[in-house]
Structure formats: C-alpha cells, structure tokens
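Scroll down for the structure; my scribbles are underneath it.
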Amino acid sequence: MDDSQVQRILNNPKFQEMVSKKRRLSWTLTAIMLFVYVGFMLLVGYNKPFLASSFSGGITTWGIPLGLGIIVLSFILCGVYSYIANNTLDPLNKETLKEIEAIAHEKGAN
Amino acid sequence: MKGSSLRAISIALVGLCCYTVAVAGPDLGAAEQQATNWPAIIMFMIFVGFTLLITKWAAGQTQSTEDFYTAGGGISGFQNGLAIAGDYMSAASFLGISALVFSSGFDGLLYSLGFMVGWPIVLFLIAERLRNLGKFNLSDVVSFRLEEKPVRTLAACSSLVVVAFYLIAQMVGAGQLIKLLFGLNYNIAVVVVGLLMTAYVLFGGMLATTWVQIIKAVMLLSGATFMAFMVMKSVDFSFSNMFTQAIGVYSEAHKTGMGDALKIMGPGKLTENPIDALSLGLALMFGTAGLPHILMRFFTVKDAKEARKSVVVATGFIGYFYLLTFIIGFGAILFVANNPQFLDLAKMAVTGKLELVGGNNMAAIHLSEALGGDLFMGFISAVAFATILAVVAGLTLSGVSAISHDLYANVFKKGQTTPESEMKVSRYATLGLAVFAMILGILFEKQNVAFMVGLAFSVAACANFPVLVLSMFWKGLTTRGAVIGGIVGLVGAVGLIVLSKAVWVDTLGISETAPNPFNGPALFAMPLSFLCCWFFSITDKSARAEKERKAFDAQFVRSQTGIGISGASDH
C-alpha cells in the first residue's frame, strides 16, 4: 500500500468507527483492571488492618473476597471483552475490510 | 516414597516463581536423594512415551520454518489457550503458591493475583495487534516500522536474557524436584530433562511443544481439581468452614495462639514494604506481557480472532488453577500440618518451626498422598516433572527463534537466507541451548537461583514490555528511543536486582547490607525505560525518525485490520 491508500483508509468512516469502538473498549477495560488491582495493592501496602478485618462477623476477612474477587473480575472482564468483540467488533471489522480491501488492492498494491 | 524421609528442598522453589520470598536466602542445593519412587517413575515414563510418540508425529508435519516456529499457524484458539495456560502453570506456580498459602495463607493469594491480572491486559491491548503485525515472535513486531538491525538485535538479546534466566531456574528446580520425588541422581535428572526437551524441540518444533503443553495442562488441571474437590468435600463445600478449621489446625501445628493464627487471613510479611508490594505487582502484571515464550504462542493461531480466543481460554484456565491452588494450600493446612507422617520432627527440633518432610514446598505433594494415597501422589509427582519439561521446551523454542530467526537470518544475513539454512541454524541453536541449559543446570546445583526468575519477569516487564507497547501504540517511537529505552530497562532491571539483598548479600555475600533496599526493580526501571523511550524519540530529529513516524499509519491500519498479514494458514 502506498501513502495515499493508507490515508484513504484512515479517513474511511467505517474504519474510524471501528477504531474508536475498539479503542474505547480496550482502554476502558484496561483502566478498570489497573484501577482495581493497583488499588488493591495500595491497600495491601498501606491498610493491612482493613484487609485483615472480618468480612461478615465470621473468620473470613475482607482480603479473601476482595482477592478472590479480583481473579473472578479478570474472568468477567475477559468475558465482556470477548462478547463485545465477537458480536459487535468482528462484524464491523468485516464490513470495514470489505470497504478498505478495495482501496488496498488498487493498482495491485498490497 | 512412603515412610522414607524426604528432606529439605528449600523454599527456593517458591522463589522460582516468587522471588521476593527468596530474600531469606534459601539454598536449592539442600535436597537429598530419596528412595526410588516407582509409582511416580512409571507414570512419568507413560507420559514421556506418549509425548515422544506425538513428537514423532509432529516431526512428520514439520518442514518449513513456519512449521517449526509456529506449528504453521494451524493450532486452534482453544488448543492454544490450553497450551498458554500450560506454559504459565509451572511447577513453581503449583508447588510454590500452594506452599506459600500453606505457610502464610493470604500472602499466597497475592502472588496468584499478580500472575492473573496480567492476562486481561494482554487480551485488551496486545494479543490481536501482535498477531496482526508479527510472524514468528515479538522482534517481528517491534521491527515492523523501526530499523531492523538495532531493534531486532535488542529484542532478541533481551528475549535471550529472559529465556536464559528462566531456563536455568527451571533446570535447577527440575533437578532438585526429581531428586526428591523420584530418587534420581541430580545430574542424571538434569540430563534427562535436557535430552527430552531437545527431542521435543529439535524434532517436533512448535507442534510437539504445543501438544506436550496441552497434555500436561490437562493432567495438572485434573489432578488439582481432584485435590481441591476432596478438600472442599471434607469441609462440606463451605469456605467459612474451611477457614475456621484451618485456623484451628494452624494454631495447633505452629504452636501459636488463635490470634496469631488468624493473621494468615490477611496480608503478612511478604509485603511489609509498600514499595516492594507495588513493584512486585507491576513486575508480575507487565512481565507476563513481555515473556517471549508466551508472546510466541500468539503466532501459532491463524488470525487475531483466534489469538483473542486463546487468551480468553488461557485466562479462564489460569484463574481456575489459581483458585484451586488457594484451596489446596488451605487443604494442606487441614490434612498435612498436623499429620506426624509428613512432619520432619528432627528438623523441627532444631528450627523450632513447622517443617515438612522434604521442605515446605512439598505441601501439595503430601496433600496428594493424604487425599489419594501412594498412586495419586505418584501421579502428582509425575505431573510436576512433566510440567517442568513442557515449560523448558517452550522456553527453548523461543530462545531458538531469537537466535536463528532474529540474529542469524535477519540481522547477520539481513534476510538473505533460505528457509533451509535458517532451519539448520535453528537446529544447531536448539542443541546449543540444550547443552547450555544442562551445563549451567549442573553448575548451579548448589546456588540459590530464585532471583533468576525474578530477573526474568523483571527484564520482561522493564525491557520488552515498554518497547513492545510503545511500538504498537505510539506513533512517535523511533529506533533511537526504542533502543535506548530498551537498554535502560534491561540494564536497570538486572542492575537493581544485582544490587538488592537477594543477590548482593544472600548470593554473592559482598557485604552485610545491600546498596538497593528494595527487592523489586519494576517500579523504578519500568517507568525509566518508558521515559527514555519517550525522551530519546521526541528529540530524535533524523530523517530516519521522520520516516518511522510516518510509517506508523500503515502499521496502524494493519494492526487494526490484519490486512496484508502473511498467510500463516497457507499450508
């Protein structure tokens, strides 16, 4: 592909729509994960007594559901990403590819 | 093995994956040879025989360099996910984390978390773009628009550093573990591991390595599931019951009051220093996204969609596995801590602490005996060995790709090679790496190698990760920035670890106190590496830099759409 083809792809509205959707999804989920994990590590670093305090009056401490919760959250976020990617982004990607492949294959360039 | 006395494998096995634990300076050389453990050996032989058959089959399928490095791109997303999980669930994770839970409860969970949270990040930011941009390994990706020679050399070197440290640590761990579990001589054990790993990689390439991983992952997951199920059954499937009983047993076994025993339900000694806690978290989290043998697995699938599927599957299995190790650790408190059969009374008399026969890393192995008898313990021992084999095979393959594909074919020969000559070099590289690993495994027998896995994760997080991420996401990155940033990350991570207590005081014994008071380098070296990448890129006014910035657009289109991707599935 030469530069003008690349520019035309970048300016293609479908491509832009796809990129912005992908970007929003990836960075939102990354931010959630980082926020939760770094927050938890800060708690571990600076507020140990809270994590060691009782969760529901019993022997289980706050640290256990929060810690296991982060593992479960990792699952869930991955699930959310893959659900949206499969159902929204992939079809969009396919449509985009149809439009831009025409551009990419002009003049036999690829 | 029953009734025979297993002695002191140090907590360095924990350290194999959990390096800050190792600051206490454990010595891996302490394991003594045990009576020959036939059930474990027989099960292991079955595993080896089966994997060699697979290797024979894979050898017939492996002709081109594509086949060798990436199994021709013909692995399915699900299979690859299992294989990634297999790469990640090392013997150190399994034995180390369950042992850490056994001895300090909550702290073990902290490690699981760190290893876990890297995966969503890999999924959201890296996996699909990586697949769209690369062909064989991460060097392909960073040299996509940057100047091939310097960038590829750097990426290959830091990958080799990661691989070398990881490999040595695994070899030494393997030797100790086999001596302990199977009753084989240490040197023989290291040579056996080396030879098997050579066979898998040399003849079967990525295809055989992948299937060895998959089989091992399934064995490990089923064994661990059975153990966790039996533990939960004994407490009527109630976590609260399990914790209550475990605290009771713990206080009795450790001869502490209930108050002290309760402390294991919250964060303890592991993270006394908040800086270390954060640094550890960062190294574990971002190190995952820079481990060459893990990244390489994304090229074994046919497209970005399958790469995504691989990570989702891998994350599922890895998370499930860490939940199991948590239960297994508490189960070990219930079934092992107060069972005289598993306690090393002589050693307890000396240290005044709870000591398990064979060292505290044996918690999961003893639990398997308590739950399923000799035969099941043999199975779990065999799985632990199989695990090491599979992991070293994966590591070797990624080291080989750095030597033959990056350094030889693309840097030294500037891409002017034939697939035949590259294959030939890769076979020599496999032999070379295997000999290297065996010799160093034997030389390091009595050394504490725990810091080496720390180095591996830290170098991955500080040198590979910033360059990889910036090359994919930041238009402004230039060759100069990437090279300087990468070198700073590499030297910074290695330097800070050498100056830390684990190496400076405990391993080298240079002085009483370490120049660097912190154990984890990631919190400092990683931002510094990013900073250098940024600074030396924006100040780069050369014509080359201008061209590289311009080339980002084309790379961006390709990374988003996969358009123009080399046909990895053209077989």
Away from chain A (no Cβ under 12 Å) and open to solvent by 10 Å² or more (accessible area, probe 1.4 Å): which single residue out of B:Phe317, B:Phe298, B:Phe335, B:Phe286 fits that description?
B:Phe335
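Report whether or not B:Ala314 is in contact with an Asp or Glu (Cβ under 9 Å, 6 or more places away or on another chain) and without any contact (Cβ under 8 Å) to a residue 40 or more places away in the chain.
Working: in contact with an Asp or Glu (Cβ under 9 Å, 6 or more places away or on another chain): yes; without any contact (Cβ under 8 Å) to a residue 40 or more places away in the chain: no.
Here the answer is no, as B:Ala314 does not meet what is asked.
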The number of residues in the stretch B:146-178 that are at pLDDT 90 or above and among the polar types (S, T, N, Q) is 3
Suppose we filter the stretch B:248-261 for residues that are free of Cβ contacts under 8 Å to residues at least 12 places away in the same chain and under 18 Å from B:Ala349 (Cα atoms); how many remain?
3
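Answer yes if at least one residue in the stretch A:61-75 is over 20 Å from B:Leu523 (Cβ atoms), hydroxyl-bearing (Ser, Thr, Tyr) and more than 7 Å from chain B (Cβ to nearest Cβ), and no otherwise.
Step one: of the stretch A:61-75, the residues over 20 Å from B:Leu523 (Cβ atoms) are A:61-69, A:71-75.
Checking which are hydroxyl-bearing (Ser, Thr, Tyr) leaves us with A:61, A:74.
Of the ones still in play, those that are also more than 7 Å from chain B (Cβ to nearest Cβ) are none.
Within the stretch A:61-75 (the criterion being over 20 Å from B:Leu523 (Cβ atoms), hydroxyl-bearing (Ser, Thr, Tyr) and more than 7 Å from chain B (Cβ to nearest Cβ)), the answer is no, since none of the residues qualifies.
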Counting just the residues of the stretch A:15-34 that are more than 7 Å from chain B (Cβ to nearest Cβ) and of a type in the set (Gly, Ala, Ser), which one comes out farthest from B:Asp276 (Cα to Cα)?
A:Ser20
Entirely in the stretch B:426-518, the helices (runs of 4 or more DSSP H) that have 2 or more residues that are under 30 Å from B:Glu546 (Cα atoms), at pLDDT 85 or above and more than 24 Å from the chain's Cα centre (by Cα):
B:465-473, B:479-498
Among residues of the stretch B:320-332, those that are over 19 Å from the mean Cα position of the chain (by Cα) and either facing chain A (nearest Cβ under 9 Å) or buried (at least 24 other Cβ atoms within 10 Å of the Cβ) (or both), counted
5
Lone unmet requirement of (1) in contact with a Lys or Arg (Cβ under 8 Å, 6 or more places away or on another chain); (2) open to solvent by less than 20 Å² (accessible area, probe 1.4 Å); (3) under 30 Å from B:Val301 (Cα atoms) for B:Ser537:
(3)
Looking only at the stretch A:35-49, which residues are more than 9 Å from chain B (Cβ to nearest Cβ) and under 26 Å from B:Met242 (Cα atoms)?
A:Asn47
Which pairs have Cβ atoms under 7 Å, sit 6 or more apart or on different chains, and link a residue in the stretch B:262-289 that is farther than 14 Å from A:Leu43 by Cα and at pLDDT 80 or above to one that is among the acidic types (Asp, Glu) and buried (at least 24 other Cβ atoms within 10 Å of the Cβ)?
none
Could you grab me the full set of residues in the stretch B:540-556 that are within 14 Å of B:Val483 (Cβ to Cβ), open to solvent by less than 80 Å² (accessible area, probe 1.4 Å) and assigned to a helix (DSSP H, G or I)?
B:Ala545, B:Glu548
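Going by the structure shown, is B:Thr430 β-branched (Val, Ile, Thr), closer than 20 Å to B:Tyr69 by Cα, crowded, with 24+ Cβ neighbours inside 10 Å and out of contact with any Phe, Trp or Tyr (no Cβ under 9 Å at 6 or more places or on another chain)? Steps first, answer last, please.
On the way: β-branched (Val, Ile, Thr): yes; closer than 20 Å to B:Tyr69 by Cα: yes; crowded, with 24+ Cβ neighbours inside 10 Å: yes; out of contact with any Phe, Trp or Tyr (no Cβ under 9 Å at 6 or more places or on another chain): yes.
Yes; evaluated as a whole, the condition is true for this residue.
Scan the stretch B:340-368 residue by residue and report those that are assigned to a helix (DSSP H, G or I) and under 14 Å from B:His254 (Cβ atoms). Don't jump to the end; show me each part of the working.
Pass one, the stretch B:340-368, residues assigned to a helix (DSSP H, G or I): B:340-342, B:345-351, B:360-368.
Passing the criteria: B:Met348, B:Thr351, B:Asn360, B:Ala363.
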Condition (residue is surrounded by 19 or more Cβ atoms within 10 Å (Cβ to Cβ), among the β-branched types (Val, Ile, Thr) and farther than 30 Å from B:Gly73 by Cα) applied to the stretch B:485-496: is it met by at least one residue?
yes
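Checking the conditions here, which among B:Gly81, B:Gly74, B:Gly118 is more than 13 Å from chain A (Cβ to nearest Cβ) and farther than 27 Å from B:Asn360 by Cα? Before you say what the answer is, go through the steps one by one.
Details: B:Gly81 fails: more than 13 Å from chain A (Cβ to nearest Cβ); B:Gly118 fails: more than 13 Å from chain A (Cβ to nearest Cβ).
Criteria check complete, one pass: B:Gly74.
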Being within 16 Å of B:Leu278 (Cα to Cα) and out of contact with any Pro (no Cβ under 7 Å at 6 or more places or on another chain) is the filter here, so list the residues in the stretch A:35-63 that pass it.
A:Phe35, A:Val36, A:Tyr37, A:Val38, A:Gly39, A:Phe40, A:Met41, A:Leu42, A:Leu43, A:Asn47
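Out of B:Lys233, B:Lys216, I need the residue that is surrounded by 19 or more Cβ atoms within 10 Å (Cβ to Cβ), more than 8 Å from every other protein chain (Cβ to nearest Cβ) and under 30 Å from B:Gly378 (Cα atoms). Which one?
Numbers: B:Lys233 fails: surrounded by 19 or more Cβ atoms within 10 Å (Cβ to Cβ).
When all the criteria are applied, what remains is B:Lys216.
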Sort out which residues of the stretch B:367-382 are in contact with a Gly (Cβ under 8 Å, 6 or more places away or on another chain) and surrounded by 24 or more Cβ atoms within 10 Å (Cβ to Cβ), and write them in order of number.
B:Leu367, B:Ser368, B:Ile380
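The values are calculated or read from the model by the stated rules, or taken from the named source; none is laboratory data. All values derive from a computational prediction rather than experimental measurement. Glycine gets a Cβ as well: all are built from the backbone with ideal geometry, and neighbour counts include every protein chain shown. Note: areas computed on protein heavy atoms with side chains; ligands, DNA, RNA excluded. Shrake-Rupley method; radii C 1.70, N 1.55, O 1.52, S 1.80 Å.
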